[in-house]
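Below is one structure, written out as structure tokens; the observations come after it.
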Amino acid sequence: MQPPTTSSSVYVSISSSISDSGKKEEMSKVKIISTSHVKPGKMIGRKECQLVTFDLPYLAFYYNQKLLFHKCGEFEEKVEKLKDGLRVVLEEFYQLAGKLGKDEDGVFRVEYDDDMDGVEVAEATAMEIGIEELAAEDGTASFKDLIPYNGVLNLEGLHRPLLSVQVTKLKDGVALGCAFNHAILDGTSTWHFMNSWAQICSGSNSVSVSPFLERTKVRNTRVKLDLSLPPNPVNGDANQGPQLREKLFRFSEAAIDKIKSKVNSTPPSDSSKPFSTFQSLAYHVWHHVTLARELKPQDYTVFTLFADCRKRVDPPMPESYFGNLIHAIFTVTAAGLLLANPPQFGASLVQRAIEAHNAKAIEERNKEWEAAPKIFEYKDAGVNCVAVGSSPRFKVYDVDFGWGKPEGVRSGSNNRFDGMVYLYQGKSGGRSIDVEIALEAGALEKLEKDKEFVLEV
């Protein structure tokens, strides 16, 4: 017997994910040569999997874009190896070869059938672009043509592939741009898939850890959403909001240790445990972005993070759970309090918000959402917000398809807004962390000049 269905109607409005996203160079350096589709290497049959409460809020986000670039040659051979590996890995991760659909009650689900198109794979050339140029690039505007599905909403997965891949031949290497439908998977699942695909391409016969595909084991409430797209869903020209810039800040092990040591110089007043690397870096970024924005002391500022709930839910879910199992967690304070108090004040706000988000809090949040569904738009993160996505725990530099580790791993321009931060494992390894930040141009310029933030140790 299926649980009852709750219903909600929502119109999805859309605005530009980044202010310059509609601007095209007069002549793109990237030329698409061909587009094909890749399906699982064996017949799977009809499969349907209901989207759950953890998935549905992301239908109005954009496709999640990742870019990896490798120094290597023999482009055609690499493309064939990637396609062959994709056929094998999709036998387990077949949901990525499907489409979004709805059941008879209007509840969203992932659908797969053998006659569907599968994953879209485009081949392209960009012989004027080199690895060094990409590795040195601070922003994401120059990456736009290397990653598919700019400005495409997840809701469009009703009629588009749920994964689109673009393999581009560079002057001295290969760029692999991937666009994942965020309504069906989060960062943990994204990198589980990427590492599994790389393992197959490197010679493994099968995926070492199969995805756990039974989403309804974590939540089975059926929520009907009547979502409608605007007339022109791919819209990069709505130049709303401030002019944004992005920059990649690379924090060495020594810098990370210095930040953590400073924040832990005075232990938390309530005798809780020391601040983690994440909590220390989160405070560091929040404090210095708030400073760069020149907020008034009474202005509120929100810190948001997307927390993995796999081990927080009851019963806990395996790390291999395939889907979204994240919650946005918020904490807020006045800018004056954040800046005037010692680091322990802001770090404690972050720590308490994370620790309070236990199984009981998750259950309450889910019930509240199911009673009155709200479809998130990426810009809903909060006033004067710093929002952290991705995680330095993801082993992004271990993604080796058989031609070495990537020279760089970056996010695309989708889902960017003023205050969006992506954290990545640093290329130099160890405890180093790369921090990608999108900010209003004036604030970012101040942040770049803030020596206490950059910490060139």
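The values are calculated or read from the model by the stated rules, or taken from the named source; none is laboratory data. Computed from a prediction, not measured in an experiment: that's the story for all the values here. Glycine gets a Cβ as well: all are built from the backbone with ideal geometry, and neighbour counts include every protein chain shown. Just so you know, the surface numbers come from the protein's heavy atoms only, side chains and all, with ligands and any DNA or RNA stripped out. Shrake-Rupley method; radii C 1.70, N 1.55, O 1.52, S 1.80 Å.
What is the list of residues in region 375-410 whose amide nitrogen lies under 18 Å from a point 7 angstrom out from the Cα of LEU158, following Cα to Cβ? Only 375-377 fall inside the zone, counting backbone N under 18 Å.
Applying the criteria of a DSSP loop state and at most 14 other Cβ atoms within 10 Å to the chymotrypsin sites (Phe, Trp or Tyr not before Pro) of region 103-163 yields no site. Between GLU104 and ASP138, full extension at 0.36 nm per residue minus the direct alpha carbon distance yields a gain of 7.5 nm. Each Cα pair of region 290-329 feeds into the Kirkwood radius, which the Stokes-Einstein equation turns, at 20 °C and 1.002 mPa s, into a diffusion coefficient of 168 µm²/s.
Of all lysines in the structure, those lying under 16 Å Cα to Cα from LYS169, and not within fewer than 8 positions of it along the same chain, are LYS29, LYS31, LYS71, LYS78, LYS81, LYS83, LYS144. In the frame of its principal axes, region 247-342 has Cα extents of 42, 36, 30 Å, reported largest first. Run through the DSSP bridge list for the chain and note the antiparallel percent, rounded to the nearest 5. Rounded to the nearest five, the antiparallel share is 75 percent. Rounded to 0.05, the FRET efficiency of the LYS273 and LYS217 pair, given R0 = 30 Å and the Cβ-Cβ distance, is 0.45. Projecting the Cα positions of LEU339, SER210, ASN154 onto the charge dipole of the chain (unit charges on Cβ atoms of Lys, Arg, Asp and Glu, taken about the Cα centre) puts LEU339 furthest along the positive direction.
For region 134-208 and region 92-108, write down the distance between their C-alpha centroids in whole Å. First find each Cα centre; the distance between them is then 20 Å. State the Kirkwood hydrodynamic radius of region 331-457 in Å, one decimal place, computed from all pairs of distinct Cα atoms. After inverting the pairwise mean of 1/r, the radius is 17.7 Å.
Ellipsoid fit via the Cα gyration tensor, region 93-152: semi-axes of 35, 15, 9 Å, each the root of five times an eigenvalue, largest first. Percent antiparallel among DSSP beta bridges with both residues in region 337-440, to the nearest 5? If we restrict to bridges inside region 337-440, about 60 percent are antiparallel.
For region 289-397, applying the loop criterion from DSSP together with a ceiling of 16 other beta carbons within 10 Å to the chymotrypsin sites (Phe, Trp or Tyr not before Pro) yields PHE376.
Cross-link partners for LYS47 among the aspartates and glutamates, with Cα-Cα distance under 14 Å and sequence neighbours closer than 8 places in the same chain left out: GLU91, GLU92, ASP103, GLU111, ASP113, ASP114, ASP115, GLU214. Note on GLN298 and SER210: with the Förster distance fixed at 60 Å, the Cβ-Cβ geometry gives a FRET efficiency of about 0.70. Distance from the Cα centroid of region 55-71 to that of region 420-450 is 19 Å (rounded to whole angstrom). Structure note, pairs LYS296/LYS449; LYS296/LYS427; LYS42/LYS99; LYS247/LYS405: Cα-Cα distances above 29 angstrom occur for LYS296/LYS427. Between GLU364 and GLU253, what length comes free when the chain is fully extended (0.36 nm per residue of separation minus the Cα-Cα distance, one decimal in nm)? Gain on stretching GLU364 to GLU253: 36.1 nm.
Within region 418-457, which trypsin sites (Lys or Arg not before Pro) sit in a loop by DSSP and count at most 16 neighbouring Cβ atoms inside 10 Å? List each step's numbers first, then the result.
Working: sites: LYS427, ARG431, LYS446, LYS449, LYS451; in loops: LYS427, ARG431.
When the trypsin sites (Lys or Arg not before Pro) of region 418-457 are filtered for loop state and at most 16 Cβ neighbours within 10 Å, LYS427 remain.
The accessible surface of the chain, taken with every protein chain in place and a 1.4 Å probe, is 51 percent carbon and sulfur. What is the local net charge at LEU337, summed over the other residues whose Cβ is closer than 13 Å to its Cβ (Lys, Arg +1; Asp, Glu -1)? Counting the neighbours of LEU337, the net charge comes to 0.
The equivalent ellipsoid of the chain has semi-axes of 33, 28, 22 Å, largest first, where each one is the square root of 5 times an eigenvalue of the Cα gyration tensor. Using 0.36 nm per residue and subtracting the Cα-Cα separation, the extra length available between GLU77 and SER34 on full extension is 14.0 nm. Per residue, region 91-174 exposes 31 Å² of accessible surface when a 1.4 Å probe is rolled over the protein heavy atoms with every protein chain present. Of all stretches in the chain that contain no GluC sites (Glu not before Pro) in a DSSP loop with at most 14 other Cβ atoms within 10 Å, the longest one is 320-455.
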